[in-house]
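Below is one structure, written out as structure tokens, with a few remarks after it.
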Amino acid sequence: MTRMIFINLPVRDLQKSMVFYTALGFTNNPHFTDDTAACMVWSEAIHVMLLTHAKWRTFTSREIPPPSASEVMLAISCESRHAVDAMNEAAAAHGGTADINPVQDLGFMCNRNLADPDGHVWEAMWMDPAAIPAGG
């Protein structure tokens, strides 16, 4: 079996979050979706489980961080610079916040950071490994 990652995120409004992640390019897996959780697929190996706060609390008693907190930044690769830009535009148009950190462009790699409606931080990035300067 291929190794996979399932990222679990607590969300205040499941439907709004599903619309947001769909706009970013994720697809919904209805086999793991109900009125308390939704499985949003980025790739064969990467799945994001959106969990209502009530559902989240069945897994842990730890506090849900406020939207202004940044516990992790989840980086996902995009097919092109244009796709990085498009993801940030979609975030801003669907209840998230684009460019929460300064844009980085190193020539061979670029990234832009966004936050979803609950403040979860994502980094949309593109890289051309063949263009990495010699010596790193």
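The values are calculated or read from the model by the stated rules, or taken from the named source; none is laboratory data. Just so you know, these numbers come straight off a predicted model, no measurement behind them. Cβ atoms come from the backbone with ideal geometry, glycine included; neighbour counts cover every protein chain shown.
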Criterion violated by Lys55 - all others in (1) under 23 Å from Phe26 (Cα atoms); (2) not assigned by TED's automatic domain parsing to the domain that holds Trp42 satisfied: (2)
All but one of (1) assigned by TED's automatic domain parsing to the domain that holds Arg3; (2) closer than 27 Å to Arg3 by Cα hold for Asp13, so report the exception by its number. (2)
Looking at this structure, is Ala37 modelled with pLDDT of 95 or more and either in contact with a Lys or Arg (Cβ under 6 Å, 6 or more places away or on another chain) or among the β-branched types (Val, Ile, Thr) (or both)? yes
Only residues in the range 1-18 that are farther than 16 Å from Ala91 by Cα count as the first member; pair them with residues that are assigned to a helix (DSSP H, G or I) and not hydroxyl-bearing (Ser, Thr, Tyr), Cβ under 8 angstrom, at least 6 apart or cross-chain, and list the lot. Asn8/Trp56; Pro10/His53; Pro10/Trp56; Arg12/His53
Of the listed residues (Ala86, Ala69, Ala92), the one being at pLDDT 95 or above and out of contact with any strand residue (DSSP E or B) (no Cβ under 7 Å at 6 or more places or on another chain) is Ala86
Can you find even one residue in the range 54-75 that is part of a strand (DSSP E or B), surrounded by 15 or more Cβ atoms within 10 Å (Cβ to Cβ), at negative phi and touching a Lys or Arg at 6+ places or on another chain (Cβ under 8 Å)? no
Being free of Cβ contacts under 8 Å to residues at least 24 places away in the same chain and over 21 Å from Arg112 (Cα atoms) is the filter here, so list the residues in the range 56-78 that pass it. Arg57, Thr58, Thr60, Ser61, Arg62, Glu63
Quickly run through the range 94-136 and pick out the residues that are in contact (Cβ under 8 Å) with a residue 24 or more places away in the chain, outside any loop (DSSP other than H, G, I, E, B) and touching a helix residue (DSSP H, G or I) at 6+ places or on another chain (Cβ under 6 Å). Cys110, Arg112, Leu114, Ala124, Trp126
